[in-house]
Amino acid sequence: GMLTNSLLGVSLQLSDHNEGDGGFMIVRGSHKSNFRMPQGMIDGELYGEHIHQPVTKKGDVVIFSEGTVHGAKAWQGDHQRRIALFRFAPPTMAYGRSYYTKWPETYYEGATSEQVAVLEPPYSTRLDRPVLNEQGAVEVSSRSAKKKGHDEKVFGTDYF
């Protein structure tokens, strides 16, 4: 079969996370559940046998579905906790609380058209979005001229 996931989290460990240190926690298999999380599990005070803290070393990568119940417990380690967290989602989905419409101009200096396309904020591909095709080249995903014409005629704009 083929594994698909529309909300993917990737955490690169920049410091060791030892047993009992706290930090990233996950409820294994919860991405398949179809019931509310019990009271007390949110803060980790109850049902601890179902809450897993992966023990990781500097350089390890934790890959997880954002659809799982996950979070972080207070850090108890004797060193500073450091991670680099990356989140991946289809370009039409935004699950963050806010996004800038554009990055600061300095971010684009020296960037290729492919890199600029990847830096686009989340929005629908019907809005003339630059995307990378399977060969890695930039192409513009757009609605048909007929649909754009309809929107112009009915709504006075290219996009409704």
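The values are calculated or read from the model by the stated rules, or taken from the named source; none is laboratory data. Just so it is clear, the model here is predicted, and its values are computed rather than measured. So basically every Cβ, Gly included, is an ideal-geometry build from the backbone, and we count neighbours across all protein chains shown. The protein model used for the area step is the full one, side chains on, heavy atoms only, and it has no ligands, DNA or RNA in it. Shrake-Rupley method; radii C 1.70, N 1.55, O 1.52, S 1.80 Å.
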(request) All but one of (1) at pLDDT below 85; (2) closer than 23 Å to Arg129 by Cβ; (3) among the hydroxyl-bearing types (Ser, Thr, Tyr) hold for Ser113, so report the exception by its number. (result) (1)
(message) Step by step: first the residues of the stretch 18-39, then only those that are touching a Phe, Trp or Tyr at 6+ places or on another chain (Cβ under 8 Å) and either acidic (Asp, Glu) or closer than 15 Å to Phe64 by Cα (or both), then the one that is least open to solvent (accessible area, probe 1.4 Å). Which residue is that?
(response) Gly23
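Being modelled with pLDDT under 95 and of a type in the set (Lys, Arg) narrows it down to one of Lys32, Lys58, so name that one. Please lay out each step first, then the result.
Numbers: Lys58 fails: modelled with pLDDT under 95.
Testing whether each residue is modelled with pLDDT under 95 and of a type in the set (Lys, Arg) leaves just Lys32.
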(message) among the basic types (Lys, Arg) and under 30 Å from Ala117 (Cα atoms): is that true of Arg82 in this structure?
(response) yes
(request) Kindly list the number of the only condition in (1) of a type outside the set (Phe, Trp, Tyr); (2) modelled with pLDDT of 80 or more; (3) open to solvent by 80 Å² or more (accessible area, probe 1.4 Å) that fails for Thr101. (result) (2)
(request) Considering every residue within the stretch 28-50, establish whether at least one is in a strand (DSSP E or B) and more than 18 Å from the chain's Cα centre (by Cα). (result) no
(message) Name the residue that is farthest from Gly20 (Cα to Cα), counting only residues in the stretch 40-60 that are among the hydrophobic types (A, V, I, L, M, F, W, C) and open to solvent by less than 80 Å² (accessible area, probe 1.4 Å).
(response) Met41
(message) So, in the stretch 61-79, how many residues would count as being within 22 Å of the chain's Cα centre (by Cα) and surrounded by fewer than 13 Cβ atoms within 10 Å (Cβ to Cβ)?
(response) 2
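Out of Leu85, Leu12, report the one residue that is surrounded by fewer than 11 Cβ atoms within 10 Å (Cβ to Cβ), within 19 Å of the chain's Cα centre (by Cα) and either assigned to a helix (DSSP H, G or I) or at pLDDT 90 or above (or both).
Numbers: Leu12 fails: surrounded by fewer than 11 Cβ atoms within 10 Å (Cβ to Cβ).
Answer to the check: Leu85.
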(message) List the residue pairs whose Cβ atoms are under 6 Å apart, where the first residue sits in the stretch 27-54 and is on the phi > 0 side of the Ramachandran plot, the second is hydrophobic (A, V, I, L, M, F, W, C), and the two are 6 or more positions apart or on different chains.
(response) Gly40/Leu46; Gly44/Ile51; Tyr47/Met41
